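Only one structure is covered here, and it is reproduced in the block below.
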Amino acid sequence: MTETIEIKKGLAGVTVDYTAVSKVNPETNSLLYRGYPVQELAATQPFEAVAYLLWYGELPTDEQLAEFVAEERANRTLDENVKQAIDLVPLDAHPMDVIRTAVSLAGASDPAAFDNSRESDLAKSKRLFAKLPAMVAYDQRRRRGQELVDPRADLDYSQNFLWMAFGEEPDPVVARAFNVSMILYAEHSFNASTFTARVITSTMADLYSAVVGAIGALKGPLHGGANEAVMHIFDEIGSAENVGPWLDTALAEKRKIMGFGHRVYKHGDSRVPTMKAALDTLVEHYDARELAALYDTLESEFVSRKGIYPNLDYPSGPSYNLMGFDTLTFTPLFVASRVTGWTAHIIEQAASNALIRPLSAYNGPDERHIDGYVPDAEATVDRPEEAAG
Ligand SMILES: CC(C)(COP(=O)(O)OP(=O)(O)OC[C@H]1O[C@@H](n2cnc3c(N)ncnc32)[C@H](O)[C@@H]1OP(=O)(O)O)[C@@H](O)C(=O)NCCC(=O)NCCS
């Protein structure tokens, strides 16, 4: 008799654990961080306050925020050894490889790396949050043949990030849109990279290992890599008039159109309207009507043909492009934001841990044997039935 096992490919529809960090409700198109709708957070809060909320479960009081911000500003400088490590990575490597390497070295240099207590993990999370902008900004600059720009303690997180990337104080419209993108990217329950971080944490490995693994998972075009893939598609299409014929070919070739579709949201991504509104302010600011026409035409054509809606990467890719970021830097920007959600989940997983180890159904060859092999009777005596692993 053959056993019937139901395989949940891609763990689709499987509920693995509880989380108090965020709630995604595809039915109502809503996303709550610790109970707060993300749209309300994006409209009212600096990213620093949202990071605090994700880690501590409550928005900071003015005093708590001031203390947290002071700590973040004091930790922004790129460490010399991390700068040297970044310089060793070939310029034609993907920036995600640079960020993965930089975070790995930061972990290897932290004497408290093996301390998985909540206090130690919170301290590490806050340091990574403060230092990632310097890593991302410096990598983009060195690719452009530019020098490192030192952080400025008189600027907030978003203003300072843009300052370090471009060496100019950002226009308030740009800093506001950037702040919105950081808040929207920060957290999204058990997505692939967060789940990766939780799997690694479940083995009681350290926080840095979990973040490095999450960066690897985020790199793929089905996850974080989609924001840069959107820009590649825009470059391929060129302008709004080419959308129709381009889509005919792409769909005939069964290509995935990047920036559309979502494993959880089937009627539209809850974060898109907020990011699209931020993109609109940038389109106005930069007078980017051609890009806006291409954006709108591809969206309406694709939605009418396939009924598949844009996800957050669709408006954020063009937004980062207008701000002046290189396309390859888009996914590292996502890392700088999502590190807050990842680390909130790492802390949650560690506090209520169970090793994550699913089962598999074997469908390889039946048991077979090496020709001529004769078992050594002595060596097999007392051998345990099954090896652990
Ligand atoms: C995100 C994504 C991986 C979700 O995948 P999923 O839940 O596994 O859904 P599936 O890939 O099974 O898609 C279901 C159907 O819709 C189609 N589809 C989904 N997204 C599509 C897209 N972006 N372009 C074209 N077709 C798409 C699939 O081809 C599939 O069609 P089929 O039933 O004829 O085979 C998928 O939508 C995708 O690849 N999107 C593009 C990448 C992207 O933007 N990722 C960022 C996510 S936030």
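Annotation: the residues HIS345, HIS262, HIS267, sorted from fewest to most other C-beta atoms within 10 Å of their own C-beta, follow the order HIS267, HIS262, HIS345. List the lysines whose alpha-carbon lies under 28 Å from that of LYS23, not counting same-chain residues fewer than 8 positions away? Leaving aside lysines fewer than 8 places away in the same chain, those within reach of LYS23 are LYS8, LYS9, LYS124, LYS126, LYS131, LYS219, LYS256, LYS266, LYS276, LYS306. Taking a point 7 Å out from the Cα of ASN29 in the direction of its Cβ, none of the residues of segment 177-206 has a backbone N less than 15 Å from it.
Only helical DSSP H runs with n ≥ 4 go in: add -39500 (n - 2.57) per run for the chain, normalise by residue count and round the 222 nm mean residue ellipticity to 500 deg cm²/dmol.
Working: 17 runs with 218 residues, N = 389.
Value at 222 nm, helices only, nearest 500: -17500 deg cm²/dmol.
What is the angle, in °, between the Cα long axis of helix 330-351 and the longest principal axis of the Cα atoms in the chain? Nearest 10 is fine, range 0 to 90. Roughly 50 degrees, rounded to the nearest 10. Compute the long axis of helix 207-218 from its Cα atoms, compare it with the longest principal axis of the Cα atoms of the chain, and write down the angle in degrees, 0 to 90, nearest 10. The angle comes out at about 70 degrees. Dipole size of the chain about its Cα centre, with +1 on Lys/Arg Cβ and -1 on Asp/Glu Cβ: approximately 460 debye, rounded to the nearest 20.
Pick from THR249, THR343, THR331: which residue has the top mean-square fluctuation in a GNM of the chain where Cα pairs under 10 Å get a spring? Of THR249, THR343, THR331, the Gaussian network model singles out THR249 as fluctuating most. Taking label points 7 Å from Cα along the Cα-to-Cβ direction, THR15 and TYR373 give a separation of 4.5 nm. Each residue, LEU88 and LEU359, gets one label point 7 Å from its Cα in the Cβ direction; the gap between the two is 4.5 nm.
Against the main long axis of the alpha-carbon atoms of the chain, helix 172-185 sits at an angle near 20°.
Bear in mind that the values in this text are calculations on the coordinates, not laboratory data. Nothing here was measured: the structure is a model prediction, and the numbers come from that model. Cβ atoms come from the backbone with ideal geometry, glycine included; neighbour counts cover every protein chain shown.
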